[in-house]
Amino acid sequence: MKTKLTLTVRKSIIKNARRFSKRSGKSISQLFEEFFETEEGTGIPSKSQRAAERLLNTLESSPSVKTLNDKEELKSHVARKFA
């Protein structure tokens, strides 16, 4: 259920909030909700933080890569190149 909340803040804060809201494409109410829904309450993650989190999740879910010895890798490369 949504409830209306009235806040009293400085005009400069309102101006900055509107500007940030316009840049992010989200309403001030949505930004407020997201801020307080985070576990730590440290704020809204930036685009780069969200991208890093998605990359980490992708890497964790992907199969691990076979680790090769450098000498073995060099031998197989030379064999493929000059075969």
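The values are calculated or read from the model by the stated rules, or taken from the named source; none is laboratory data. Just so we're clear, the structure is a prediction, and the values are computed from it rather than from any experiment. Note: ideal-geometry Cβ built from the backbone for every residue, glycine included; neighbour counts use all protein chains shown.
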Discussion item. So if I check each of T6, T58, which one is of a type in the set (S, T, Y) and in a loop (DSSP other than H, G, I, E, B)?
Written reply: T6
Worksheet item: Which ones in the stretch 69-83 are among the hydrophobic types (A, V, I, L, M, F, W, C) and exposed (fewer than 10 other Cβ atoms within 10 Å of the Cβ)?
Response: A79, F82, A83
Worksheet item: of a type in the set (D, E, K, R), loosely packed, with under 10 Cβ neighbours inside 10 Å and modelled with pLDDT under 90 - does that describe any residue in the stretch 14-23?
Response: no
